[in-house]
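Trainee: Below: one structure in structure tokens.
The values are calculated or read from the model by the stated rules, or taken from the named source; none is laboratory data. Quick caveat, the model's predicted, so the values are computed rather than measured. Here Cβ is always computed from backbone atoms with ideal geometry, including for glycine, and neighbour counts include all displayed protein chains. Areas reflect the complete protein model, heavy atoms only, side chains present, ligands, DNA and RNA absent. Shrake-Rupley method; radii C 1.70, N 1.55, O 1.52, S 1.80 Å.
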Amino acid sequence: MTANGLVIYYLLSLAAFAAGRNDLVPWAAVALCVVLAIGSGASPLKLVARTAIVALPLVGWLTLIWVGIGPPPPSVLLVYQPPAATTPLSLVTALGIRFFAFALLTLAAAEKGKRIRPSFALRLSLPRDAKIVLLAASSLSHAFVEGVRRAHTALVAANVITPRRSAKNLRNGWVLLRTSWVATLGVATERLDTKWQFENLPEAVPFDRIARPAFSLPDLCWLIPAAAAAALQAAWM
């Protein structure tokens, strides 16, 4: 699959979610997420586990608030409640399935995009300036990862948190979040003054010398079923 094909598949999946907003479970959209997770090249079980880490805390919080304490306010029901979700538990179930599937879709697309070489951004059919912005954003994400690594190493050395799971990590996790944010700002400022300035990204990247076919035959094998699933989901409304 090309970079353009992956982006269109992702957008078609989002369109299927939007088309299934009145259903308790948008099955066609969920199927597109599962198919991309299987074909991403990464382990589907690892993707599901990473998705659960992201989605389950939110689902648990919604269950505690809306099911255990009291029903959601009318403003939330007006915006988010599908007609089929008639109880707070069914509403939490519908929102939880959507959030889990969306997180799985995003993680699977990221794994698939990492396998498109030499660079996902350079393979897209976009103007040169848009590619420069995407590459700069990717470099900024690396600065965030570096900031988190530095913060984690410093707090482990200071015995504020531990390298493995522990109750101390639960108590002091907020310190890691705050320290990671400060460290990320420091790394980004440092690179803005040194690394990014000397890289001269607009001139250093060979934008015009990278062959980038707009679409390929495997794209059709992905996009035609995705378009059919989105249309089927819209027909179920």
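Trainee: May I ask you to order 151-161, 178-188 by the average number of other C-beta atoms within 10 Å around their residues, highest value first?
Mentor: Numbers: 151-161: 14.5, 178-188: 16.8.
Sorting 151-161, 178-188 by mean packing, highest first, produces 178-188, 151-161.
Trainee: Sticking with this one: Answer rounded, prolate or oblate for segment 1-77, using the Cα gyration tensor with square roots of eigenvalues a ≥ b ≥ c: rounded when a/c is under 1.5, else prolate when a/b is larger than b/c, else oblate. Working shown, then result.
Mentor: Working: a/c = 3.11, a/b = 1.62, b/c = 1.92.
Because a/c hits 1.5 or more and a/b fails to exceed b/c, segment 1-77 counts as oblate.
Trainee: Still on this structure: Ordering Lys46, Lys131 by how much accessible area each has at a 1.4 Å probe, largest first, what is the list? Display every interim value, and only then the final one.
Mentor: On the way: Lys46 140, Lys131 5 Å².
The residues order as Lys46, Lys131, largest area first.
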